[in-house]
Amino acid sequence: MAERSRILVVDDETQITRVLKTTLQSQGYEVKTATDGESALNFAVDWIPDLIVTDLSMPRMSGIELTRAVRERSQVPIIVLSVREEEKSKIDALDAGADYLVCQGTEAGGHVQASRGLYEGLPIVLDEAKGKPVIASGGIGNGQGIRQALSAGASGAMLGTRFVATLECPAHPVYKRELVAAHAGDTALTMCFQDGWPALHRALRNRTFVMWDAAGCPLPGKRPGEGEVVATRPDGSKVLRYFVAPPNQELQGRPEECALYAGLSVEHVKDLPPAGELVHRLWRECLAAV
Ligand SMILES: Cc1cc2nc3c(=O)[nH]c(=O)nc-3n(C[C@H](O)[C@H](O)[C@H](O)COP(=O)(O)O)c2cc1C
């Protein structure tokens with residue numbers, strides 16, 4: 001069996017490390033988590049990850065200090081995640097050795113940390129990045145969209161939803177089918193699927209969302225169908241309605257009622273190609289676009 005790529009996830013919020021670990025493991029990665037910079041640095045030295053994903057603010061050693069300390073020892077790619085809007089945190093991350101910035105727009109599927117649309121935020125982030133590459137993300141689902149991002153100054157594009165709808169993605173086939181059928185207007189920016197990570201996200205308006213929305217978007221404890229089992233994992237554990245993780249191919253039950261993350265880019269999802277073929281198609285479209 002091919003060796004799995006190793007990802008070290010660092011965050012003092014155990015809810016976040018748990019969700020990231022589950023999600024990344026379901027995509028075939030080997031994952032270790034650390035809740036502070038010091039233990040992360042020990043893992044970075046002894047375990048030798050292929051990628052480090054770290055939060056900025058943590059006890060004892062911050063994400064910036066961790067990035068600096070790792071950079072003294074290795075060139076492992078580091079992604080610094082921050083919910084902070086302040087310019088200084090991004091600049092500190094770059095100064096400490098982060099390789100690039102991802103500029104996410106509110107068009108994005110999944111968890112949305114942005115507060116502006118992609119083309120509102122991109123010029124601001126390009127300015128802050130001071131020459132370091134900026135990757136555009138959110139609502140991009142075809143080569144024309146990539147071309148638009150590159151023309152606006154991005155060095156690359158990061159596509160999420162479009163690659164969930166590929167042959168290789170281990171998402172549940174029902175989730176992929178829903179993506180192919182959906183349009184941008186079928187998504188909502190919401191707090192609906194917040195159990196495990198109470199944060200804003202964009203997902204399809206499925207039955208769980210419609211029930212919750214019709215009830216006036218109540219807080220946990222007062223939500224319709226709360227506590228109901230919507231699916232079961234292979235180990236027999238239950239997935240309850242409003243749980244944060246999207247359904248993978250191993251779930252049994254009603255995956256269509258789980259969190260079906262999708263960006264406005266879902267408008268461009270019309271098929272389920274192999275990922276390699278899709279990359280070639282996107283590049284051809286990008287080159288042909290004017
Ligand atoms: C299935 C799925 C899961 C995601 N999970 C996360 C996540 O755990 N944390 C996060 O910050 N962003 C998450 N995202 C957002 C992506 O990082 C990216 O910003 C988004 O996919 C880009 O928009 P697009 O889906 O329109 O291409 C997720 C997106 C998708 C589609």
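Taking amide H as placed 1.01 Å from N in the peptide plane, His172 has its amide H under 5 Å from the amide H of Asn248, Gln249, each at least 5 places away in sequence or on another chain.
Ordering 264-274, 148-158 by mean Cβ neighbour count within 10 Å, with the highest value first, yields 264-274, 148-158. The packing ranking of peptides 162-175, 134-147, highest mean first, is 134-147, 162-175, where packing means the average number of other beta carbon atoms within 10 angstrom of each residue. When the pairs Lys90/Lys132; Lys21/Lys238; Lys21/Lys132; Lys21/Lys270 are compared against a 20 Å limit on Cα-Cα distance, Lys21/Lys132; Lys21/Lys270 fall above it.
Using the Cβ of Cys169 as centre and a radius below 11 Å, the other residues enclosed give a net charge of +1, where K and R count +1 and D and E count -1.
Could you work out the per residue convex hull volume over the alpha carbons of the stretch 157-249, in cubic angstrom?
For the stretch 157-249, the hull spanned by Cα atoms encloses 118 Å³ per residue.
Using 0.36 nm per residue and subtracting the Cα-Cα separation, the extra length available between Thr232 and Ile135 on full extension is 31.3 nm.
In the chain, what percentage of the DSSP-assigned beta bridges are antiparallel, given to the nearest 5? Percent antiparallel among DSSP bridges in the chain is about 40. Counting Lys and Arg as +1 and Asp and Glu as -1 over every other residue whose Cβ lies under 10 Å from the Cβ of Ala188, the net charge comes to 0.
Close amide H partners of Val31, meaning residues 5 or more places away or on another chain with modelled amide H under 5 Å apart, are Ile7. Along the stretch 145-154 the Karplus relation, 6.51 cos²θ - 1.76 cosθ + 1.60 evaluated at θ = phi - 60°, assigns HN-Hα couplings of x, 5, 4, 4, 5, 5, 5, 7, x, 6 Hz to successive residues, with x for each Gly and Pro. Neighbours of Gly28 by Cβ distance under 14 Å: Lys/Arg scored +1, Asp/Glu scored -1, total -2. Projecting label points 7 angstrom from Cα along Cα→Cβ for Cys217 and Lys270 puts them 3.3 nm apart.
Under the convention that each Lys and Arg Cβ holds +1 and each Asp and Glu Cβ holds -1, the size of the dipole of the stretch 129-238 around its Cα centre is about 340 debye.
For Cα pairs less than 8 Å apart in space and 6+ apart in sequence, what is the mean separation divided by the residue count of the stretch 209-290, i.e. the relative contact order in percent?
Once normalised by length, the contact order is 17 percent.
Using 0.36 nm per residue and subtracting the Cα-Cα separation, the extra length available between Val279 and Ala184 on full extension is 32.0 nm.
Rounded to the nearest 500, what is the 222 nm mean residue ellipticity of the chain from helices alone, with -39500 (n - 2.57) per DSSP H run of 4+ residues and division by all residues? Calculated at 222 nm, the ellipticity per residue is -9500 deg cm²/dmol.
Over all projection directions, the Cα-based convex hull of the chain averages an area of 15.9 nm².
Quick check: convex hull over the Cα atoms of the stretch 6-163, volume per residue in Å³, rounded to an integer?
So the per-residue hull volume is 107 Å³.
Amide H to amide H distances under 5 Å link Val239 with Val230, Ala231, Thr232, Arg233, where only residues 5 or more positions off or on other chains count and H is placed in the peptide plane.
Here the Karplus curve 6.51 cos²θ - 1.76 cosθ + 1.60, taken at θ = phi - 60°, turns the phi angles of the stretch 45-50 into couplings of 7, 7, 9, 6, x, 8 Hz, with x standing for Gly and Pro.
Computed 3J(HN,Hα) for the stretch 230-241, one whole-Hz value per residue from the Karplus formula 6.51 cos²θ - 1.76 cosθ + 1.60 where θ = phi - 60°, is 9, 7, 10, 7, x, 7, x, 6, 9, 9, 8, 3, glycine and proline marked x.
Read the figures in this text as sums done on the coordinates, not as results from a lab. Computed from a prediction, not measured in an experiment: that's the story for all the values here. Every residue, glycine among them, receives a Cβ derived from its backbone with ideal geometry; neighbour counts consider all protein chains shown.
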